[in-house]
Amino acid sequence: EIAVHILTQLEYGHYMGKYWKRRTLDVAKKLFAGFFLYEWNEHLFSTIITSCDMALIPIPLDDPLYAGKSANKLFLFWRLGVPTVVSATPAYQEAMRQCGLAMTCRTAQEWGDTLERFMDDESARREAGERGRVFAEKHHSDEAILGQWDRLFASLFEERPVSAG
């Protein structure tokens, strides 16, 4: 039996967020027979997500505004050690490639196959979550990002040879 937990905004703007508001509850009722809906909350995020076996990040690939977003949400899940199945956006595909995971989906068939594979295999979920966590800690932790900034600033102040002109 599958329990769907949705963690998102309870209302969202349609058409650039300006012209029409939609209620997440109304959309979720059309998609799922039963589900748990949580309003996005940075204090409860990790508690809710880590209680789940797997996370999904479906993105409409035909909408360049959404499909062009960064992989930050994926890195949040990975930092918590949660295996995550995602739409095949360029950013998610690159992150998965670098991490050595194959959990991106482009078609309904790929979504079905990928979800079935990971739902039925606890060890595969555990391995994917651990690989994601190690990758995110190495490349996208606060320390890693601050280290990148430190190296950038240090490079600005390095002594450079003066060219004769």
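Take the conditions in contact with a Leu (Cβ under 9 Å, 6 or more places away or on another chain), of a type in the set (Gly, Ala, Ser) and closer than 22 Å to residue 4 by Cα and apply them to residue 129. Does it pass?
Criteria met by residue 129.
Got at least one residue in the range 51-69 being surrounded by fewer than 13 Cβ atoms within 10 Å (Cβ to Cβ), within 20 Å of residue 2 (Cα to Cα) and modelled with pLDDT under 90?
no
Just for the range 91-101: of the residues that are loosely packed, with under 12 Cβ neighbours inside 10 Å and without any contact (Cβ under 8 Å) to a residue 40 or more places away in the chain, which one is farthest from residue 61 (Cα to Cα)?
Only one residue tops the list, namely 100.
Suppose we keep only residues that are out of contact with any Asp or Glu (no Cβ under 9 Å at 6 or more places or on another chain) and among the basic types (Lys, Arg) within the range 33-86. Which one would you say is farthest from residue 117 (Cα to Cα)?
69
Among the residues of the range 29-48, are any among the small types (Gly, Ala, Ser), more than 18 Å from the chain's Cα centre (by Cα), assigned to a helix (DSSP H, G or I) and modelled with pLDDT of 85 or more?
no
List every residue pair whose Cβ atoms lie under 6 Å apart, where the two residues are 6 or more positions apart in sequence or sit on different chains, the first residue falls within the range 48-72 and is without any contact (Cβ under 8 Å) to a residue 60 or more places away in the chain and under 14 Å from residue 93 (Cα atoms), and the second residue, located anywhere, is among the hydroxyl-bearing types (Ser, Thr, Tyr) and in a loop (DSSP other than H, G, I, E, B).
59/89; 67/89
All but one of (1) in a loop (DSSP other than H, G, I, E, B); (2) modelled with pLDDT of 95 or more hold for residue 74, so report the exception by its number.
Exception for residue 74: condition (1).
When you scan the range 40-47, do you find a residue that is under 18 Å from residue 105 (Cα atoms), touching a residue at least 24 places away in the same chain (Cβ under 8 Å) and open to solvent by less than 80 Å² (accessible area, probe 1.4 Å), even just one?
No, every residue in the range 40-47 fails to be under 18 Å from residue 105 (Cα atoms), touching a residue at least 24 places away in the same chain (Cβ under 8 Å) and open to solvent by less than 80 Å² (accessible area, probe 1.4 Å).
Please go through (1) without any contact (Cβ under 8 Å) to a residue 60 or more places away in the chain; (2) open to solvent by 90 Å² or more (accessible area, probe 1.4 Å) for residue 4 and return the number of the only condition it doesn't satisfy.
Residue 4 satisfies every listed condition except (2).
Within the range 9-26, identify whether any single residue is at pLDDT 90 or above and exposed (fewer than 11 other Cβ atoms within 10 Å of the Cβ), and answer yes or no.
yes
The values are calculated or read from the model by the stated rules, or taken from the named source; none is laboratory data. This structure is a prediction, so every number in the text was calculated from the model and none was measured. So basically every Cβ, Gly included, is an ideal-geometry build from the backbone, and we count neighbours across all protein chains shown. These accessible areas exclude ligands, DNA and RNA; they are computed on the full protein's heavy atoms, side chains included. Shrake-Rupley method; radii C 1.70, N 1.55, O 1.52, S 1.80 Å.
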